[in-house]
Amino acid sequence: MSRAVFVAGVGTVPSVKRGAGESYPLLGARAAKAALADAGIGYQAVEQVVAGFVYGDSCSGQAAVYHLGLTGIPVINVNNNCASGSTALYLARQAVAGGAAECVLALGFEQVQPGDGRTSHYTDRPAPVQRQIDAMQLVQGVDTDTAAAVQLFGGAGQMHTQLYGTRPATFARIAVKARLHAQHRPQALFRDLLSLDEVQASPMLFDPLTRLQCCVPVCGAAAAVVCSADFARRHGLEGAVCIAAQALVTDGNSSFDEHDMRKLVGFDMSRRAAQQVFAAAGVGPEDITVAEVHDSFTVSELLAYEALGFAAEGGAEQFILDGHNTYGGRVVVNPSGGMLANGHPYGAAGLAQCAELVQQLRGRAGPGQVPDARFGLQHNLGIGGACVVTLYSRT
């Protein structure tokens, strides 16, 4: 992988609650058109498409991009759980870096179904996350009346508390911060401010996670135009942001063998991916001033602080109490409001993170602009598992 790779255009479709928006082909097409318009190119310049989604049938990517034109180019569909959007970006970057294409469209979308995530779509075969469920059973048991994801991350929060004495209010402060960051964002789904008392008083789903500490599954879409430096130069593209390094990792033995709920929900995956990225780019966590991290639950974001190196292991609570995760601190985490304020469109989440960081490094993030942002770090996690960490740099 020797060629520099750039994100030349980004586009998002505001998330909506399930049943309240368009179907996934229209959502995907709108995001793709927005990204192409942002880059200033037409669909005919795109040589490949990689489409990420979680709940959709085969060739859903084609159903979306066929609204842009029937150009005959390769369309690749990927499903890596909640890391599907960033996996699409990863494959797009690989194609450009390796010289297989000059311009690739990475697209993510989701049309979620009614329900709370407890039911599998297929009842005649093992669930892909059955190994995670079995490992959780050994550590803390399984409650069949509660969504597995809530139990997994709630259990990880309990383990962090057992190891380091982390207080329930510390997790809740992350939800308060999410709304503070989102309050001036027109696209955010939830912009009303929350008090710490309100977050903690909302119904308990699985200790320490109250309802307001859990994201809402939503419908939405996002896209990015990924290209080479030569392509950007030939087309006179301005505002391109470099993907300085990127890593995609899956579970190792520690996820299952160490009976540690933090590792079962991706702590070691996140740490390994971040280490690979920092080593490849020659920078460290101390160089990052803005980040979009996976906050499907407040526990997930707190664990990311330590896994990504923003705080020492066990140091996340003090990091939060000192205000180092927001404006005026060491790194502004989730200036968009993250999934806690925008909802979680599973297949689109990673590309929505990408869009936010690209705008931050362009200096076009509006009221949420982080001053003098040079490097941006993205962390996107899928249980099952996959973790993508991407480092962007201002050109």
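Points worth noting:
- Accessible-area composition of the stretch 1-84, carbon plus sulfur, in percent [1.4 Å probe]: 51 percent
- Computed with the Debye formula from one identical point scatterer per Cα of the stretch 256-326, without solvent, the log10 of I(q)/I(0) at q = 0.20 Å⁻¹ comes to -0.86.
- Shape of the stretch 258-391, Cα gyration tensor, a/c cut at 1.5: rounded
- Residue-span extension gain [ARG374 to ARG131] - 0.36 nm each, minus C-alpha spacing: 83.5 nm
- C-alpha long axis of helix 148-164 to longest principal axis of the chain, angle in °: 60 degrees
- In the stretch 264-384, the portion of solvent-accessible area held by carbon and sulfur atoms comes to 48 percent [1.4 Å probe, whole percent, DNA, RNA and ligands not counted].
- Considered as an equivalent ellipsoid built on the Cα gyration tensor, the stretch 117-237 has semi-axes of 33, 25, 15 Å, the largest given first.
- Long-range Cα-Cα pairs in the stretch 57-104 (distance over 19 Å), rounded percent: 32 percent
- Take the convex hull of the alpha carbons in the chain; its mean projected area over all directions comes to 17.6 nm².
- Loop sites in the stretch 303-375: trypsin sites (Lys or Arg not before Pro), DSSP, at most 12 other Cβ within 10 Å: ARG364
- Here the Kirkwood formula, the inverse mean of 1/r across different C-alpha pairs, assigns the stretch 95-175 a hydrodynamic radius of 16.5 Å.
- Listed residues GLY40, HIS121, ALA100: farthest to the positive end of the dipole of the stretch 17-157 (Cβ charges): GLY40
- Heavy-atom accessible surface of the stretch 40-125, averaged per residue, reaches 45 Å², computed with a 1.4 Å probe.
- Put a plus charge on the Cβ of each Lys and Arg, a minus charge on the Cβ of each Asp and Glu, and nothing anywhere else: the dipole of the chain about its Cα centre is then about 900 debye.
- Relative contact order computed over the chain (Cα-Cα under 8 Å; 6+ residues apart), in percent: 26 percent
- Mean-position separation - Cα centroids, the stretch 291-362 and the stretch 147-212, in angstrom: 13 Å
- Straight Cα distances below 20 angstrom link LYS33 to the aspartates and glutamates GLU22, GLU47, GLU102, GLU110, GLU238, GLU356, with same-chain residues fewer than 8 positions distant left out.
- Test item: Cα-centred dipole of the stretch 76-151, Lys/Arg +1 and Asp/Glu -1 on Cβ, debye: 220 debye
- Where the stretch 299-395 is the region considered: accessible area per residue in Å², 1.4 Å probe: 27 Å²
- Taking a straight line from the alpha carbon of LYS263, these lysines sit under 28 Å away, with near neighbours fewer than eight places off in the same chain left out: LYS177.
- The protection proxy used here, the mean number of other Cβ atoms lying within 10 Å of each residue, ranks peptides 95-105, 206-216, 38-48 as follows, highest first: 206-216, 95-105, 38-48.
- Build a GNM of the chain with springs between Cα atoms under 10 Å apart, and of GLN113, GLN246, GLN359 the one that fluctuates most is GLN113.
- Dividing the summed -39500 (n - 2.57) terms of all DSSP H runs of n ≥ 4 by the residue count of the chain sets its mean residue ellipticity at 222 nm at -11000 deg cm²/dmol.
- Crossing angle, helix 298-307 versus the chain [Cα axis fit, 0-90 degrees, rounded to tens]: 80 degrees
- Scattering curve values for the stretch 39-197, log₁₀ I(q)/I(0), Debye with Cα scatterers, q = 0.19, 0.21 Å⁻¹: -1.20, -1.26
- Distance in nm between pseudo-label sites at CYS59 and ASP287 (7 Å out along the Cβ direction from Cα): 4.5 nm
- Relative to the Cα centre, the charge distribution of the stretch 309-395, modelled as +1 at Lys and Arg Cβ and -1 at Asp and Glu Cβ, gives a dipole magnitude of about 380 debye.
- Residue (of THR87, THR298, ALA365) at the positive-pole extreme of the chain, dipole from beta-carbon charges: ALA365
- Charge dipole of the chain about the Cα centre (unit charges at C-beta), most positive-ward option of LEU381, MET261, THR326: THR326
- Taking Cα atoms only, the orientation of helix 349-362 departs from the longest principal axis of the chain by about 70 degrees.
- Where labels lie 7 Å past Cα in the beta-carbon direction, separation of LYS17 and ARG3 in nm: 4.6 nm
- Expressed as a fraction of 2.2 N^0.38 Å, the value expected for a compact globular protein of N residues, the C-alpha radius of gyration of the stretch 198-293 is 1.54.
The values are calculated or read from the model by the stated rules, or taken from the named source; none is laboratory data. None of the values given here were measured: they were computed from a predicted structure. Positions of Cβ are backbone-derived with ideal geometry, glycine not excepted, and every protein chain shown enters the neighbour counts. What goes into the accessible areas is simple: the full protein's heavy atoms, side chains included, and nothing from ligands, DNA or RNA. Shrake-Rupley method; radii C 1.70, N 1.55, O 1.52, S 1.80 Å.
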